[in-house]
Amino acid sequence: MKVILHDLNSNFSEKLFKKSDAVIEADGKYAPCQGCFNCWTKHPAECFIKDKLQKTCRILGRADELVIITKNLYGAYSTEIKNIIDRTIGSSIPLLTYRKGEVHHILRYGVHNLLKVLVYGDITKQEKETFVYMVKRNVINTGYRKYEINFFDTFSELEKNI
Amino acid sequence: MKNVLINCSPKKNLSASEYLMSLQSLFLKGEKVIKKLKNKSDYMSIFKELNDADSLILYLPLYADGVPSHVLSF
């Protein structure tokens, strides 16, 4: 299953939907994570906040290929995208295991195949290094086999590549 | 010297950020201002304090290998 997570406007959602199985649009109309961990303990893979992200971790957990299209924000994902990633920790479980010699959470839905990150907007060399490092850590933590990062300086460059 | 300490935990009480903040504030000299950052309505009161502050310390939890989204927007 191919899932696209993007923070572009809603016109792109229809275009991207033809190329994938599920599209999640990060429009910022949802609450941030409260850190209660009920998605691990009380009601697995389901958030207690009843909005459009309540069962998103089930979609992201089942994705073989995840494409994240995000704006650069100080060498990190944009706020809306980060909010979704924070709210989808229910795709792992509270028990721990060894992965690549490090302690990480066991994955509820197993190992995924490819994480692809497309970044647009102005970016400095230092921010690029931070971004690549953060994606590498995310890849190990969320259990992806491969990853790809592409940087686009302008929005029009990104449009051509979608 | 004015220090602004910001507790960025989304929890109301009993958070690790709050504990670390209370521990570190014992060793800080000068004036201490403690603020809570939870949502957008807290921004303006923090900005007012930052006008004449000498140091800013953020106490925040780690969410998915990064800064929590509500602090990132700040």
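The values are calculated or read from the model by the stated rules, or taken from the named source; none is laboratory data. The model shown is predicted, which means the values in this text are computed figures rather than measured ones. Every residue, glycine among them, receives a Cβ derived from its backbone with ideal geometry; neighbour counts consider all protein chains shown. Note: areas computed on protein heavy atoms with side chains; ligands, DNA, RNA excluded. Shrake-Rupley method; radii C 1.70, N 1.55, O 1.52, S 1.80 Å.
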Of the residues in the stretch B:30-67, those that are of a type in the set (S, T, N, Q) and away from chain A (no Cβ under 14 Å) come to B:45, B:51, B:55
Residue hits (the stretch A:48-63; out of contact with any Phe, Trp or Tyr (no Cβ under 6 Å at 6 or more places or on another chain), surrounded by 15 or more Cβ atoms within 10 Å (Cβ to Cβ) and not aliphatic (A, V, I, L, M)) are A:54, A:56, A:57, A:58
Restricting attention to the stretch A:104-150, the residues that are within 14 Å of chain B (Cβ to nearest Cβ) and touching a Pro at 6+ places or on another chain (Cβ under 9 Å) number exactly 1
Residue pairs within 7 Å by beta carbon, gap of at least six or interchain, first lying in the stretch A:124-137 and in contact (Cβ under 8 Å) with a residue 24 or more places away in the chain, second open to solvent by 90 Å² or more (accessible area, probe 1.4 Å), listed first then second, are A:127/A:74
Of (1) within 11 Å of another protein chain (Cβ to nearest Cβ); (2) farther than 30 Å from residue A:136 by Cβ; (3) assigned to a helix (DSSP H, G or I), residue B:70 fails just (2)
Those residues of the stretch A:1-47 which are farther than 30 Å from residue A:160 by Cα and exposed (fewer than 14 other Cβ atoms within 10 Å of the Cβ) amount to A:37, A:41, A:42, A:43
Matching residues in the stretch B:23-44 (surrounded by 13 or more Cβ atoms within 10 Å (Cβ to Cβ) and free of Cβ contacts under 8 Å to residues at least 12 places away in the same chain) number 1
Residue within the stretch B:15-29 that is within 14 Å of chain A (Cβ to nearest Cβ), at pLDDT below 85 and out of contact with any Ser or Thr (no Cβ under 6 Å at 6 or more places or on another chain) present: no
Within the stretch B:45-74, restricting to residues that are of a type in the set (A, V, I, L, M, F, W, C) and surrounded by fewer than 11 Cβ atoms within 10 Å (Cβ to Cβ), the one that is farthest from the chain's Cα centre (by Cα) is B:62
Within the stretch B:2-14, residues surrounded by 17 or more Cβ atoms within 10 Å (Cβ to Cβ) and either out of contact with any strand residue (DSSP E or B) (no Cβ under 8 Å at 6 or more places or on another chain) or within 14 Å of chain A (Cβ to nearest Cβ) (or both) come out as B:7, B:8, B:9, B:10
In this structure, does residue A:117 turn out to be at pLDDT 90 or above and open to solvent by less than 20 Å² (accessible area, probe 1.4 Å)?
-> yes
